[in-house]
Every structure is written in C-alpha cells, then in structure tokens.
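Trainee: Let me give you the structure first, and then I'll get to my questions.
The values are calculated or read from the model by the stated rules, or taken from the named source; none is laboratory data. Just so it is clear, the model here is predicted, and its values are computed rather than measured. So basically every Cβ, Gly included, is an ideal-geometry build from the backbone, and we count neighbours across all protein chains shown. Accessible surface is based on the protein model in full, side chains and every heavy atom, while ligands, DNA and RNA are left aside. Shrake-Rupley method; radii C 1.70, N 1.55, O 1.52, S 1.80 Å.
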Amino acid sequence: MADKTAFDILFDKLSDRGMQPERQISERNFIMPGLDRMSNTKYIIARNRTFYFCAYDSHGASAYSSKTFTGIYSAINLPPETDCHIYKKDWVDLILRRHKRKSGIRYIDESLTITSATDWTPSLLLNLTDVNLYLEISKRIEPIKITIQHDYLSIIEGLKDKTIIGIETDLWLYEENDLDSLINLGGQLIENMTNACAKQRL
C-alpha cells in the first residue's frame with residue numbers, strides 16, 4: 001500500500017473529527033507557443049456547526065502562481081467595504097506591512113499589527129481575552145493571521161457574497177497538534193469575535 005500524502009492524511013483526520021470533508025483535485029495543461037505550462041490545484045473543504053475549514057494548495061510553472069494556505073472561516077455581520085488583517089506584532093512589520101492602523105486600545109496596539117485599506121479597525125471585536133487567545137494560537141502555528149474581507153473565498157459556496165472572518169496560515173496543516181490548535185482555539189476565537197460583532201449591531 002502506497003504511503004499516504006499530506007492531502008490524504010488531512011482528509012482522514014477531518015473525517016475522524018466528524019467534519020465530513022469534500023476534496024477537489026484539478027490538473028490542467030496549458031500549451032502555448034514555445035512553452036509548456038501546468039497548473040495543479042487541490043483543496044479540502046469541511047464544515048462544523050460554526051465555521052468552514054479550508055486547506056488549499058495550487059502550483060503553477062509561472063512565477064507567483066503558487067499558493068498554499070489552511071484556515072477556518074465564518075460569515076460576520078459587517079459591511080462589504082470592511083477590510084482588515086491582524087498579525088502578531090513583529091519588528092519586521094515596519095518594513096513588510098502597509099496601511100498599518102492603530103485601534104486606540106493599548107492591549108491591542110501593543111500586541112498586534114492591524115492593516116486595513118480603510119480606517120476601520122476591529123477595536124470593538126477584540127477584548128483582552130481574545131487578544132491573548134490569538135497570541136496563544138500564534139505560539140503554536142506560525143505564521144498565522146486574522147483576516148476580515150468581503151467575498152474572500154469564492155470556492156466555499158456558503159460564504160459567497162458575504163463578509164467573512166478567517167484565521168489563516170500559509171502552510172498546509174495536517175499534524176494533530178496544529179489541527180487541534182486551529183480548530184479548537186481558532187474556532188473559539190472566531191465565535192467570540194462574531195458574537196461581539198452581533199452585540200455591537202443590536
């Protein structure tokens with residue numbers, strides 16, 4: 001029996017957690033004059049009662065055509081123009097991060113870097129407990145970010161045309177400890193933030 005790939009292992013581990021994953025694998029050849037190109041895309045989507053899980057991997061021959069990420073995502077009741085990324089604060093943020101924003105709340109601004117194309121920040125969605133929960137996740141999975149965007153993952157039918165919140169890494173996660181941290185701790189953080197948003201909009 002052939003060794004299982006990281007793709008197969010992840011599918012089995014999500015099944016073991018009762019999440020009923022679905023998989024998609026696509027290989028396409030593009031024949032162009034003087035150049036052979038190939039695109040290979042595979043992803044797994046699963047759902048539980050509060051969020052969607054998605055692991056995505058795409059490879060192409062051309063530069064910048066490859067992309068890998070794993071995350072959990074949920075709809076959040078925010079306007080379509082809401083756009084925000086949240087990272088653990090790091091000295092390289094001074095160089096790498098554009099459109100940095102301050103929330104005006106000390107425990108957020110001392111621990112996190114927020115970027116946004118608008119002036120909006122998630123200051124009302126993150127209490128001290130949630131900031132510490134995110135930092136705990138980032139100790140176990142690195143790099144990892146919180147993202148809030150409209151219509152971010154069109155491959156997930158249930159999230160089309162909605163503003164979503166996600167916790168995401170640019171790695172393909174399949175180890176037990178990583179999955180537990182993302183699904184359990186990350187799931188709690190997403191639930192906390194979506195509940196805080198609902199309360200603010202009452």
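Trainee: Based on the alpha-carbon gyration tensor of the stretch 79-119 and its eigenvalue square roots a ≥ b ≥ c, which shape applies: rounded if a/c is under 1.5, prolate if not and a/b is larger than b/c, or oblate? Don't jump to the answer; show the numbers that get you there.
Mentor: Numbers: a/c = 2.33, a/b = 1.35, b/c = 1.73.
Cα axes put the stretch 79-119 in the oblate bin.
Trainee: While we're here: For Asp109 and Arg17, what is the calculated FRET efficiency with R₀ set at 30 Å and r taken between the beta-carbons, to the nearest 0.05? The partial results should precede the final answer.
Mentor: On the way: r = 36 Å, r/R0 = 1.19.
Once rounded, the FRET efficiency stands at 0.25.
Trainee: Got a sec to turn the phi values of the stretch 71-86 into Karplus ³J(HN,Hα) couplings, 6.51 cos²θ - 1.76 cosθ + 1.60 with θ = phi - 60°, whole Hz, x for Gly and Pro?
Mentor: x, 10, 9, 8, 6, 9, 7, 10, x, x, 6, 5, 8, 7, 10, 10
Trainee: Restricted to Cα positions, what overall size does the stretch 41-108 have along the principal axes? Three whole-Å values, descending.
Mentor: Computed over the Cα atoms, the extents are 41, 37, 22 Å.
Trainee: Also, quick follow-up: Any idea which of Ser138, Ile155, Leu112 is furthest toward the positive side of the dipole for the chain, if Lys and Arg beta-carbons carry +1 and Asp and Glu beta-carbons -1?
Mentor: Working it through, the farthest residue towards the positive pole turns out to be Leu112.
Trainee: Mind scanning Lys42/Lys160; Lys67/Lys89; Lys100/Lys162; Lys42/Lys199 and naming the pairs with a C-alpha gap bigger than 29 Å?
Mentor: Flagged as over cut-off: Lys42/Lys199.
Trainee: Straight-line reach from Lys102: which aspartates and glutamates have a Cα under 14 Å away, not including same-chain ones fewer than 8 places off?
Mentor: Asp93, Glu110, Asp119
Trainee: Reachable aspartates and glutamates from Lys13, Cα under 15 Å, same-chain residues fewer than 8 places away excluded?
Mentor: Correct list for Lys13: Glu22, Glu175, Glu176, Asp178, Asp180.
Trainee: While we're on this one: For the stretch 128-199, what does the alpha-carbon gyration tensor say about shape, rounded, prolate or oblate, given a ≥ b ≥ c as the root eigenvalues, a/c under 1.5 as rounded, and a/b over b/c as prolate? Please report the intermediate quantities before stating the final value.
Mentor: On the way: a/c = 2.08, a/b = 1.22, b/c = 1.71.
The shape class here is oblate.
Trainee: How large is ³J(HN,Hα), in whole Hz, for each residue of the stretch 120-134 in order, when computed from phi with the Karplus curve 6.51 cos²θ - 1.76 cosθ + 1.60 and θ = phi - 60°, using x for Gly and Pro?
Mentor: So the Karplus estimates, Gly and Pro as x, are 6, 10, x, 4, 8, 9, 10, 8, 4, 4, 6, 4, 5, 5, 4 Hz.
Trainee: Let me ask something additional. For the stretch 53-202, count the residues as N, evaluate 2.2 N^0.38 Å, and divide the Cα radius of gyration by that value, please.
Mentor: Values: Rg = 15.1 Å, N = 150, 2.2 N^0.38 = 14.8 Å.
Compactness ratio reported: 1.02.
Trainee: Quick one: if the Förster radius is 25 Å, what FRET efficiency do Thr50 and Thr5 give, using the C-beta to C-beta distance and rounding to 0.05?
Mentor: Numbers: r = 29 Å, r/R0 = 1.14.
Here the calculated transfer efficiency is 0.30.
Trainee: If amide H atoms are built 1.01 Å from N in the plane of the peptide, which residues on other chains or at least 5 residues away come under 5 Å of the amide H of Thr163?
Mentor: Ile76, Leu78, Asp151
Trainee: Rounded to the nearest 10 Å², what accessible area does Asp161 have for a 1.4 Å probe in the complete protein model?
Mentor: In the full protein context, Asp161 sits at about 120 Å².
Trainee: Could you tell me which residue out of Leu182, Tyr87, Ile9 lies farthest along the dipole of the chain toward its positive end? Charges go on the beta carbon: Lys and Arg +1, Asp and Glu -1, centred on the Cα centre.
Mentor: Ranked along the dipole, the leading option is Tyr87.
Trainee: Using each residue's phi in the stretch 180-193, evaluate 6.51 cos²θ - 1.76 cosθ + 1.60 at θ = phi - 60° and report the 3J(HN,Hα) Karplus result to the nearest Hz, with x for Gly and Pro.
Mentor: 4, 5, 5, 6, 7, 6, x, x, 5, 5, 4, 5, 4, 6
Trainee: At a 1.4 Å probe, what is the % contribution of carbon and sulfur to the accessible area of the chain? Write out the running numbers ahead of the final one.
Mentor: Details: 5560 of 11480 Å².
Ligands and nucleic acids excluded, carbon and sulfur give 48 percent.
Trainee: So if we plug the beta-carbon distance of Thr118 and Ser58 into 1/(1 + (r/R0)^6) with R0 = 30 Å, what FRET efficiency do we get, rounded to 0.05? Mind dumping the intermediate values first?
Mentor: Details: r = 29 Å, r/R0 = 0.95.
FRET efficiency, Thr118 to Ser58: 0.55.
Trainee: For a paramagnetic label modelled at 7 Å from the Cα of Arg140 toward its Cβ, which residues of the stretch 64-103 fall within the zone defined by backbone nitrogen distances under 14 Å?
Mentor: Within reach of a label on Arg140: 72.
Trainee: What does the helix-only formula give at 222 nm for the chain: each DSSP H stretch with n ≥ 4 adding -39500 (n - 2.57), the total divided by the residues, and the result rounded to the nearest 500 deg cm²/dmol?
Mentor: Details: 6 runs with 53 residues, N = 202.
Taken over the chain, the calculation gives -7500 deg cm²/dmol.
Trainee: Multiplying the sequence separation of Thr41 and Asp178 by 0.36 nm and subtracting their Cα-Cα distance, what value in nm do you get? If you can, show how the numbers build up before the last one.
Mentor: Numbers: separation 137, 0.36 × 137 = 49.32 nm, distance 2.25 nm.
Length gained, Thr41 through Asp178: 47.1 nm.
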